[in-house]
Amino acid sequence: MAKQLKRTDSGSGQGLLWLFGVILVIQGFGSAITEAGWDTSFGVAGLLRAAHMPEWVTLLVGFAGLALLGMAARRHYASKGADGHP
């Protein structure tokens, strides 16, 4: 009989979700806080200002990072539960 392979999420893909999530959270929320407190922009906020985007768009970047972190956490805990490990 043919063996049935169990499909698992690749470790590098899971790691990239965590990495991009953290980067977007720091860039998005950090840029918004820096602009509000010190009236200066860096990173994503600087690029968005150059593109004449509204200030609240940096918050969307931060929320996108939170969404990626949520996806990564969900996959991480789902894979732990599927393996039978607590």
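The values are calculated or read from the model by the stated rules, or taken from the named source; none is laboratory data. None of these values were measured; they are calculated from a predicted model. Cβ coordinates were reconstructed from backbone atoms using ideal geometry, including for glycine residues, and neighbour counts include every protein chain displayed. The area values use the complete protein model at the heavy-atom level, side chains included, leaving out ligands, DNA and RNA. Shrake-Rupley method; radii C 1.70, N 1.55, O 1.52, S 1.80 Å.
The listed residues W18, W56, W38, once ranked by accessible area (1.4 Å probe) with the largest placed first, stand as W38, W56, W18.
May I ask you to rank F20, F29 by accessible area, largest first, using a 1.4 Å probe over the protein chains only? Walk me through the numbers before you get to the answer.
On the way: F20 110, F29 55 Å².
Highest to lowest solvent-accessible surface, that is F20, F29.
In this rough spin-label picture, where each label sits 7 Å from Cα along the Cβ direction, the A73-M53 distance is 2.4 nm.
Round to the nearest 0.05 the FRET efficiency obtained for T40 and A64 when R0 = 35 Å and r is the Cβ-Cβ distance. Let's see the in-between values first.
Numbers: r = 22 Å, r/R0 = 0.64.
Computed FRET efficiency for T40 and A64: 0.95.
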